[in-house]
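Chemist: Structure provided below as structure tokens; questions to follow.
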Amino acid sequence: MEEVTKHAGGRPPMYNSVEEMEVMINKYFQETPEERLTVTWLALALWFSTRLGLINYEWKEEFVNAVKKAKTMVEHAYELSLRKNGRSWDIFALKNFDWKDKTETK
């Protein structure tokens, strides 16, 4: 009788190395105009079917810094846009990055 090897299950990883992912991240930031930068568009540029696909990589130890840096670069674009244009949707986007628009006192 032939031995059957079990499949580990789940989808194969989208990226096998952080360097592979960083190439795609760098391409995204080089080719995308600053006013079009979003986390969702970044996820799509990295070939994830949803934003959560990218966020799940943030939990993988070897990818955490690459994903956090990329998300911070998107956050920075919103911050610059807010300073330049003062648009309310920039404020809304920054709140999704845990920014607050109130002063807290103790």
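The values are calculated or read from the model by the stated rules, or taken from the named source; none is laboratory data. Since we're looking at a predicted model, the values are computed, not measured. All Cβ positions, even for glycine, are placed from backbone atoms using ideal geometry, and neighbour counts span all protein chains on display. What goes into the accessible areas is simple: the full protein's heavy atoms, side chains included, and nothing from ligands, DNA or RNA. Shrake-Rupley method; radii C 1.70, N 1.55, O 1.52, S 1.80 Å.
Chemist: Pairs needed: first member in region 63-92, open to solvent by 70 Å² or more (accessible area, probe 1.4 Å); second member anywhere, hydroxyl-bearing (Ser, Thr, Tyr) and in a helix (DSSP H, G or I); C-beta distance under 8 Å; at least 6 residues apart or different chains.
Modeler: Arg87/Ser81
Chemist: Among the helices (runs of 4 or more DSSP H) contained in the chain, which hold 2 or more residues that are out of contact with any Cys (no Cβ under 9 Å at 6 or more places or on another chain) and among the basic types (Lys, Arg)?
Modeler: 64-85
Chemist: Restricting attention to region 58-96, report how many residues are at pLDDT below 95, aromatic (Phe, Trp, Tyr) and touching a helix residue (DSSP H, G or I) at 6+ places or on another chain (Cβ under 8 Å).
Modeler: 1
Chemist: Among the residues of region 11-28, which ones are among the basic types (Lys, Arg) and either touching a residue at least 12 places away in the same chain (Cβ under 8 Å) or crowded, with 16+ Cβ neighbours inside 10 Å (or both)?
Modeler: Of everything in region 11-28, just one residue is among the basic types (Lys, Arg) and either touching a residue at least 12 places away in the same chain (Cβ under 8 Å) or crowded, with 16+ Cβ neighbours inside 10 Å (or both), namely Lys27.
Chemist: May I pose another question? In region 29-57, which residue that is among the aliphatic types (A, V, I, L, M) and open to solvent by less than 40 Å² (accessible area, probe 1.4 Å) is nearest to Ser81 (Cα to Cα)?
Modeler: Within region 29-57, the match that is nearest to Ser81 (Cα to Cα) is Leu37.
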